[in-house]
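Structure, as structure tokens:
The values are calculated or read from the model by the stated rules, or taken from the named source; none is laboratory data. Just so it is clear, the model here is predicted, and its values are computed rather than measured. Because the Cβ atoms are built from the backbone with ideal geometry, glycine has one as well, and the counts that use them run over all protein chains shown.
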């Protein structure tokens, strides 16, 4: 059953290679076949030339043999090199296409799955495999090359050895001439192949086990490496002198536990290579003994001796390559599983088909409970609230009270485990997900601006309305800053992609994120801490324009600054994943034992 499963996985891998890079398998077969055939041309013609020189000394036959040998060698050499270059190019394309498949899958999969720690660990394992072995499909194409080469070696060897086999199994008076001598040799070769296969499989399993251990260390190391190389985190590292801590947690871990694991991997690899080399040497000795004794018995010519010896050694090389490559399945199959586990990740969300109707929208949370994947604690519990069309709601509460989770559920980045969320009375699961998400313009607390031209960051498109972009920049209060930039709307943000990129401040990035939300012009606006990085004057300008750019749209405003929430009609107070108060500022401040009064007074005491 296990062998059948392995064969199915190999077949699946080859089908995926053909789908991604159709030329690779034919190129692998042709390139490997020609490369493997090349030594046999020299073996055959060398033996023929030796026989001519030692017997007839026919000059014409000698010239013809030399000319044929050179011509066929030249043809095979040029053909194999040409195909080999195309093979390596095609294999490189496969590597990039495999990465592309992973990236496309990450774009489209459920956000819930993407944020899952176990899925993030799977992604790291796949990336680690790609960094070490060139990806699972890449490695499978290499294995196919070895299998084909080994098979071609065996076929050509048996063709050249056929006269010797006829002699060996014909029988004779002595043991050297009897079939038992040949049977003993082939049995020894079979036993050697089995031993090589077992050694290779055992070492491959151990390699994979040790590599799994190393991945955890390597993950920490790469995390800290990215921190060190990122100029955005360089300020904190230098200011707080975190180099020693990073070196202790990352570098020292690699130099101790990591090096110990790598030494075990290297020792196992050296041990297996040595054993395989010793077995090959023993079999080689047996082959030389077998052919030498038959040669002494006068069973074939000197030229045939050269041909048979070389062909037998090619048999050993071929079966060793096949056995050693097949034994590496315990390395390759799990890394293929990483790839297929990622690209076969199915959406768990219910896929609806309804399209939201134009006009007023009402959102209602009814007894919604939600906890994050692999977490036992509820982020929201028995949560209910209704947002009428055009309503402006402020959301306040301590860190971890469920405010951002509320937004993620509203935007359907997650689905609740209990309860339901309704759009105009219909469960949002019944709506087309992309059409539903078009209803929302969101500035998340941990928003991202990308190393694209500024206008593309705002419009999220290569083709954009320039006047509209400028209008949104004006409303967000950053148009004047953009006009001062040399490339203005064409200015790249940051220097990750373009050396002339502009490093913007946190406040500028926040204004650009707000401009992006305005450009989308969705009927529902969500602002999660939209002024956290702004100075007081810029914050005041945003507040004063809030009603202008929100207009009659429904809006949710999350902030830790309670003074900034007073322009909203209602204020929702969150505590430990529950909605504990809902009302206007004037209503909530009257309840001196309430959570809002406590939060308000905690901040108000610092103001004159």
Could you list all residues from region 434-459 that are out of contact with any helix residue (DSSP H, G or I) (no Cβ under 7 Å at 6 or more places or on another chain) and without any contact (Cβ under 8 Å) to a residue 60 or more places away in the chain? 434, 437, 446, 448, 451, 452, 456
Please verify whether residue 76 is under 46 Å from the mean Cα position of the chain (by Cα), touching a residue at least 40 places away in the same chain (Cβ under 8 Å) and more than 26 Å from residue 24 (Cβ to Cβ), treating the condition exactly as stated. no
From the residues in region 149-178 that are at pLDDT below 75 and assigned to a helix (DSSP H, G or I), which one is surrounded by the fewest Cβ atoms within 10 Å (Cβ to Cβ)? 166
Exactly one of 337, 341 is part of a helix (DSSP H, G or I), out of contact with any helix residue (DSSP H, G or I) (no Cβ under 7 Å at 6 or more places or on another chain) and closer than 30 Å to residue 140 by Cα, and that one is 337
Among the candidates 91, 15, single out the residue that is farther than 25 Å from residue 304 by Cβ and exposed (fewer than 15 other Cβ atoms within 10 Å of the Cβ). 15
Residue 322 being within 30 Å of residue 43 (Cα to Cα) and touching a helix residue (DSSP H, G or I) at 6+ places or on another chain (Cβ under 7 Å): yes
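May I ask you to list the residues in region 403-439 that are more than 30 Å from the chain's Cα centre (by Cα) and closer than 25 Å to residue 516 by Cα?
403, 406, 423, 428, 431, 439 - these are the residues of region 403-439 that are more than 30 Å from the chain's Cα centre (by Cα) and closer than 25 Å to residue 516 by Cα.
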Are any residues in region 376-411 part of a loop (DSSP other than H, G, I, E, B), on the phi > 0 side of the Ramachandran plot and surrounded by fewer than 21 Cβ atoms within 10 Å (Cβ to Cβ), and if so, which ones? 390, 400
Given the conditions (1) crowded, with 19+ Cβ neighbours inside 10 Å; (2) free of Cβ contacts under 8 Å to residues at least 40 places away in the same chain; (3) in contact with a strand residue (DSSP E or B) (Cβ under 9 Å, 6 or more places away or on another chain), report the number of the one that residue 487 does not fulfil. (1)
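Just to be sure, is residue 25 modelled with pLDDT under 90 and either out of contact with any strand residue (DSSP E or B) (no Cβ under 7 Å at 6 or more places or on another chain) or closer than 30 Å to residue 341 by Cβ (or both)?
No; evaluated as a whole, the condition is false for this residue.
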Since residue 461 meets every condition but one in (1) buried (at least 18 other Cβ atoms within 10 Å of the Cβ); (2) under 23 Å from residue 553 (Cβ atoms); (3) under 33 Å from the mean Cα position of the chain (by Cα), which condition does it not meet? (1)
Can you tell me how many residues within region 548-574 are more than 20 Å from residue 523 (Cβ to Cβ), in contact with a helix residue (DSSP H, G or I) (Cβ under 8 Å, 6 or more places away or on another chain) and surrounded by fewer than 19 Cβ atoms within 10 Å (Cβ to Cβ)? 3
Could you tell me whether residue 40 is assigned by TED's automatic domain parsing to the domain that holds residue 209, in contact with a helix residue (DSSP H, G or I) (Cβ under 7 Å, 6 or more places away or on another chain) and in a helix (DSSP H, G or I)? yes
So is residue 568 under 23 Å from residue 366 (Cβ atoms) and at pLDDT below 85 or not? yes
Given the criteria modelled with pLDDT of 85 or more, on the phi > 0 side of the Ramachandran plot and surrounded by fewer than 18 Cβ atoms within 10 Å (Cβ to Cβ), does residue 590 qualify? no
With criteria (1) within 29 Å of residue 139 (Cβ to Cβ); (2) assigned to a helix (DSSP H, G or I), residue 346 comes up short on (2)
